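First the structure, in the form of structure tokens, and then the observations on it.
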Amino acid sequence: WWWDRLDGQVVPSGLGVVRAGGRRVSGRAAGLTGPVGERVAPMVVEQALESLPVVKDVAVLGLPDAEWGERVVAFVTLDGTLELHEAREVVAAKVSRVAAPRELRILDHLPLLPSGKVDRVRLRSEAP
């Protein structure tokens, strides 16, 4: 069962149900990313970045990293400007330092699937 912190609230990243009698885990959320030994739920990082007024859309992926195994990368569309250090500070404060993106890629738009969801496979394949 993976747990993350967002604005002081505990947010489960695993799939399951919490009831008065305890927890029932039915699986785990796909797409956990992060450096070796640490797991980061992209959705929690995305929620933290979406709290910034300049962020219009965001998708977070783990991309290969020679030193860390994977690095957290945030793909964003903006209505203004955003520097990597600003994004890292917000995520570190709302989630954790480990979850803070190591890279910020600013795009004109995020690629979408016909369903309207972000095409993460395309984002990953277009990343150098």
Tell me which residues, restricted to region 72-91, are open to solvent by 30 Å² or more (accessible area, probe 1.4 Å) and polar (S, T, N, Q). T81
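Which one is farthest from D79 (Cα to Cα) among residues in region 50-61 that are in a strand (DSSP E or B) and open to solvent by 30 Å² or more (accessible area, probe 1.4 Å)? I'd like the intermediate steps shown before the answer.
Filtering region 50-61 down to residues in a strand (DSSP E or B) leaves 55-61.
Among the residues that remain, those that are also open to solvent by 30 Å² or more (accessible area, probe 1.4 Å) are: 56-57.
Working: K56: 6, D57: 10 Å.
Top of the filtered list is D57.
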Looking at region 97-121 only, could you name the residues that are of a type outside the set (A, V, I, L, M, F, W, C) and under 23 Å from A87 (Cα atoms)? R97, P101, R102, E103, R105, D108, H109, P111, K117, D119, R120
All but one of (1) assigned to a strand (DSSP E or B); (2) in contact (Cβ under 8 Å) with a residue 12 or more places away in the chain hold for P64; which doesn't? (2)
Scanning region 67-124 residue by residue, those of a type in the set (D, E) and in a strand (DSSP E or B) turn out to be E70, E103
Answer from A93, A74 - the residue that is under 15 Å from A41 (Cα atoms) and at pLDDT 90 or above: A74
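The values are calculated or read from the model by the stated rules, or taken from the named source; none is laboratory data. Note that this is a predicted model, so its numbers are computed, not measured. Cβ coordinates were reconstructed from backbone atoms using ideal geometry, including for glycine residues, and neighbour counts include every protein chain displayed. Only protein heavy atoms, including side chains, enter the accessible area calculation; ligands, DNA and RNA are left aside. Shrake-Rupley method; radii C 1.70, N 1.55, O 1.52, S 1.80 Å.
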